[in-house]
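Participant: Quick one: structure below, then a few questions.
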Amino acid sequence: MNYNVDEKGYYGDFGGAFIPEMLYPNVAELRENYLKIAAEPDFKKEFDDLLKVYVGRPTPLYFAKRLSERYNTKIYLKREDLCHTGAHKVNNTIGQILLAKRLGKNRIIAETGAGQHGVATATVCALMGIECIVYMGELDIKRQAPNVARMKMLGAEVRPAQSGSKTLKDATNEAIRDWINNPVDTHYIIGSVVGPHPYPDMVARFQSVISKETKWQLHELEGRDYPDHVIACVGGGSNAAGLYYHYLNDERVNIIAVEAAGKGIDTGESAATSALGKEGIIHGSKTLLMQTPDGQITEPYSISAGLDYPGVGPMHAHLFRSKRAEFISIPDQEAMDWGLTLSQMEGIIPAIETAHAFAALDVRKFGPEEVIVFNCSGRGDKDLDTYIDYFKL
Amino acid sequence: MNRIDQKFQEDKKLLSIYFSAGYPSLEDTVPILKNLQAARVDMVEIGLPFSDPLADGPTIQESSTQALRNGMTTEKLFTQLENIREHIDIPLVLMGYFNPMMQYGIEKFCQRCEAIEIDGLIIPDLPVDVYHEDYKALFDQHGLYNMFLITPQTPEERIRYIDQVSNGFIYMVSSAAVTGAQSSFGNTQTDYFQRIANMNLNTPTVVGFGISNAQTYEAASSHSRGAIIGSAFIKFLEKEGVNKIEDFVQSIR
C-alpha cells in the first residue's frame, strides 16, 4: 500500500477537494504550481537557508538518557521545540510564504487556535514585509492573550471569528470566507495537514524536513537511519506528518499517533477523532471528523488548545483506517503529568500538545533494544498559565 | 418534465427565494413556502442548515445556527415536506452542504427527495467533477437535478464543462464573495453578467448573492433568466415574520 497522496489528491478513501466553486481558481492555482515551485533550485535554496539561519535547523536529535533508563528502552527526542517561535509550525509557514511570493500574492491570511500557527505566520510575514491577517475564535482570543499580543507586535491584524462556536473551526471558516472574497491577491496559509488538496500534501512536505533530518541524525547515532517507533501527537496532524513522512512506506517503522482524549472518550468532552469521528467532510477534505448523527460538526475538547480540532488530516485518517498507524488517546490529566515528568527528568518543559505523545510510554511496552523517536513538537512557554493553574505553581 | 425546466419555458424573468429551513421557528417551513407561492415567487431554495456553512455570509450562517438550535435536522425537514405537493406546485430546490447529506446516506437522501417531489439540489461544496464521476447517475435515477455555481473567476473552459454537466439552471454568483445583501452592482458585475450572456450557454442562468432590492434584481435579471434572493429575505423574516412575505416580494418586482 502507498501512504502518500495519489494524483487525485486522495489518501486511500480520504482527502480530495470538496470546496465551493468560488474557491476553485485559488485551489487550482496552488495545485498546479506547488510541486513545480517547490522543486525549483532557487526556492529550495531560499527555503533551506531560512530553515538554517532563521529557524535554527537542523534541530537536535537528543538521546533522553534518564527517560530511557526509567523505561528501559532507547528514547530520542526530535527537538522541534527549539525552532524559532517555539514549535514546528514555522517550517510550514516559511515554505508557504516563499510559495505565496512566487505566486505574486501580497496579502496573507491564516487561521489559528491556540495562536502558535498565527504567530508562525505573523513571523514570516514580518520577515517578508507582507500584510498578514490572522483569524482567531473570539473565545480563543480571550484564552490566549500572550499569543495575540505576539501577533500584534509582529504587525499582524488579529480578526475575531464571531460565528458558530467562536473557536478554531470557526476561525478556519472565516479564513476560507476571506479567501472567497479576495481570490486574486491573497494566499491562505493553512497551519496543518488539513483542508482541500493540495494543502495536506503541501504542508506535509514542508514539515517532512523533520524526518529527513531524523534519518541522517539517527544514522550517526545508531548506525541505522530508521527507528523502530515514531511517536507524535495528532490534532490536525502536522508535526506527526513531518515525523512520519520519510517512514510512511518503510514497514520496519511502527507509527504511533497520540490523540487528546480530553476528559475521557466517553465524556462528551474529547478530541479523540479516530475513536469518535465518522467519515465526512470538514474544511474541504473528506476525512474522519466528530459530528452529530445529523452531520453537524461538533466542538471538541482538550486541555491543549492545539489538539482540539474536530477533524484530523486525511493522511492520518488513512493511516488509521488502513491500520498502518496505531492510534491511542490520552486524557488531560496524564498529559499534564507528563508535562511535569519531562520537565523534571530531562529539563525540557514541553507544550501540552507535545506532552500527550510521551504518555504512550505508559500505555505500551517497548523493548530495551528498541529505538523510539518522539516529536518534541513545541515548548511549553505558551502553556505556563495552564500549568500554573493546574499544578498551583 | 421537471418543474424547473417547465418554469424556464415561461416567458418571464424569474424570482427565486432562499430561506433556511427551521428559521425563524422550527415549524415555519411550510407556512413560508405557502406564502412565497401565494406571492407568486417562481421557485424556492430551501436551505438545509449546517453548522459550518463556509460559502455563506453572516446572515445565512446565523439563520442556519438558529435553525439548528430550534431543532432542525435532515429527517425533520423531510417530515415537514412530506405532503408539500398537496399545496405547492412551484419548483422546490434543496440547498445544503454535503456532509449532512453524506451522514443521512446519499441514496436514502435522493429517495426521500424523489418521494417528496423535490426538483433539484444545490450543494455548494460538492464540486462538479466529483458529482459527475460519483453521483450523477444516482441523481438522474431519482429524477433530481443538480445545479452548480459559477463566479467571475471561473475559467471559460470550466463554465463550458459545468454547462455540459448541468441541468436546470446555472447559479451565477454575482461577485467573488460569500452570500450577503448588497445595495447595488458596479460595472465589473454587469460586464461579467454580459460576458456570460454572450457565451450562449445551453443551460439558463440565474444570478444569486448580493441581491437585495428592486434595483439589484433588475440589474441581475436583465442579463440572465432571473435572480435568487437569500440574505435580504432572511433579514426581512427576522424583522417582519412569515406573514408579510407578499410585501417583500412586491418590493422586489
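The values are calculated or read from the model by the stated rules, or taken from the named source; none is laboratory data. As the structure is a prediction and not an experimental result, all values here were calculated from the model. FYI the Cβ positions are ideal-geometry reconstructions off the backbone, even for glycines, and counts take in every protein chain you see.
Table: residues versus (1) over 30 Å from residue A:214 (Cα atoms); (2) in contact with a Pro (Cβ under 7 Å, 6 or more places away or on another chain).
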{"residue": "A:85", "(1), (2)": "no, no"}
{"residue": "A:110", "(1), (2)": "no, no"}
{"residue": "A:113", "(1), (2)": "no, no"}
{"residue": "A:131", "(1), (2)": "yes, no"}
{"residue": "A:136", "(1), (2)": "yes, yes"}
{"residue": "A:142", "(1), (2)": "yes, no"}
{"residue": "A:154", "(1), (2)": "yes, no"}
{"residue": "A:159", "(1), (2)": "yes, no"}
{"residue": "A:173", "(1), (2)": "yes, no"}
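Participant: In addition: Return yes or no: is residue A:28 without any contact (Cβ under 8 Å) to a residue 12 or more places away in the chain and within 14 Å of chain B (Cβ to nearest Cβ)?
Facilitator: yes
Participant: Any chance you could count how many residues in the stretch A:45-68 are crowded, with 20+ Cβ neighbours inside 10 Å and of a type in the set (S, T, N, Q)?
Facilitator: Looking only at that region, the number is 1.
So that you can scan it fast, the table gives a plain yes or no per residue for (1) hydroxyl-bearing (Ser, Thr, Tyr); (2) more than 26 Å from residue B:161 (Cα to Cα); (3) without any contact (Cβ under 8 Å) to a residue 12 or more places away in the chain; (4) surrounded by 14 or more Cβ atoms within 10 Å (Cβ to Cβ):
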| position | (1), (2), (3), (4) |
| --- | --- |
| B:192 | yes, no, no, yes |
| B:197 | no, no, no, yes |
| B:210 | no, no, no, yes |
| B:213 | no, yes, no, yes |
| B:217 | yes, yes, no, yes |
| B:231 | yes, yes, no, yes |
| B:236 | no, yes, no, yes |
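Participant: Right, something else. Pick from the stretch B:107-124 the residues that are without any contact (Cβ under 8 Å) to a residue 40 or more places away in the chain and within 11 Å of another protein chain (Cβ to nearest Cβ): which of them is surrounded by the fewest Cβ atoms within 10 Å (Cβ to Cβ)?
Facilitator: Out of the qualifying residues, it is B:123.
Participant: Taking the stretch B:151-168, which residues are more than 11 Å from chain A (Cβ to nearest Cβ), in contact with a helix residue (DSSP H, G or I) (Cβ under 7 Å, 6 or more places away or on another chain) and part of a loop (DSSP other than H, G, I, E, B)?
Facilitator: B:168
Participant: Hey, does the stretch A:10-25 have a residue that's more than 14 Å from chain B (Cβ to nearest Cβ) and surrounded by 14 or more Cβ atoms within 10 Å (Cβ to Cβ)?
Facilitator: For the stretch A:10-25, residues more than 14 Å from chain B (Cβ to nearest Cβ) and surrounded by 14 or more Cβ atoms within 10 Å (Cβ to Cβ): present.
Participant: Still on this structure, please answer the following. If only one of A:115, A:95 is modelled with pLDDT under 95 and crowded, with 20+ Cβ neighbours inside 10 Å, which one is it?
Facilitator: So the residue among A:115, A:95 that is modelled with pLDDT under 95 and crowded, with 20+ Cβ neighbours inside 10 Å is A:115.
Participant: Follow-up question, since we're still on this one. Considering the stretch A:135-159 alone, what residues qualify as being in contact with a Leu (Cβ under 9 Å, 6 or more places away or on another chain) and farther than 12 Å from residue A:114 by Cα?
Facilitator: none
Participant: Next up: Of all residues being touching a Leu at 6+ places or on another chain (Cβ under 8 Å) and buried (at least 24 other Cβ atoms within 10 Å of the Cβ) in the stretch B:85-94, which is nearest to the other protein chains (Cβ to nearest Cβ)? Just the residue, please.
Facilitator: Among those that are touching a Leu at 6+ places or on another chain (Cβ under 8 Å) and buried (at least 24 other Cβ atoms within 10 Å of the Cβ), it is B:94.
Participant: Here is a follow-up. If you take the residues in the stretch B:125-150 that are acidic (Asp, Glu) and surrounded by fewer than 21 Cβ atoms within 10 Å (Cβ to Cβ), which one is farthest from the other protein chains (Cβ to nearest Cβ)?
Facilitator: Among those residues, the one meeting the criterion is B:140.
Participant: So the check is Cβ under 6 Å with 6+ separation or different chains; which pairs have a first residue in the stretch B:50-66 that's facing another protein chain (nearest Cβ under 7 Å) and a second one that's of a type in the set (Val, Ile, Thr) and assigned to a helix (DSSP H, G or I)?
Facilitator: From residues that are facing another protein chain (nearest Cβ under 7 Å), the pairs are B:54/A:176.
Participant: Among (1) surrounded by 23 or more Cβ atoms within 10 Å (Cβ to Cβ); (2) over 23 Å from residue A:286 (Cβ atoms), there is one condition residue B:157 misses while meeting the rest; what is its number?
Facilitator: Result: residue B:157 passes all but (1).
Participant: Mind checking which residues of the stretch B:34-44 are surrounded by 24 or more Cβ atoms within 10 Å (Cβ to Cβ) and out of contact with any Leu (no Cβ under 7 Å at 6 or more places or on another chain)?
Facilitator: B:36, the sole residue that qualifies.
Participant: Right, another one. Go through (1) buried (at least 18 other Cβ atoms within 10 Å of the Cβ); (2) in a helix (DSSP H, G or I); (3) away from chain A (no Cβ under 11 Å) one by one and return the number of the condition residue B:101 breaks.
Facilitator: Here residue B:101 clears every test but (3).
Participant: Take the stretch A:184-228 and flag every residue that is in contact (Cβ under 8 Å) with a residue 24 or more places away in the chain and of a type in the set (A, V, I, L, M).
Facilitator: Correct list: A:189, A:190, A:193, A:194, A:202, A:203, A:204, A:209, A:210, A:218, A:221.
Participant: Could you list, in sequence order, all residues of the stretch A:131-179 that are surrounded by fewer than 24 Cβ atoms within 10 Å (Cβ to Cβ), within 11 Å of chain B (Cβ to nearest Cβ) and farther than 21 Å from residue B:68 by Cα?
Facilitator: A:178, A:179
Participant: Then there is this: Residue check: is residue B:72 farther than 22 Å from residue B:142 by Cα, within 11 Å of chain A (Cβ to nearest Cβ) and over 17 Å from the mean Cα position of the chain (by Cα)? Can you show your working first?
Facilitator: Values: farther than 22 Å from residue B:142 by Cα: yes; within 11 Å of chain A (Cβ to nearest Cβ): yes; over 17 Å from the mean Cα position of the chain (by Cα): yes.
So residue B:72 fits the description; yes.
Participant: I need the full set of residues from the stretch A:272-302 which are more than 13 Å from chain B (Cβ to nearest Cβ) and surrounded by fewer than 24 Cβ atoms within 10 Å (Cβ to Cβ), in order please.
Facilitator: A:274, A:275, A:276, A:301
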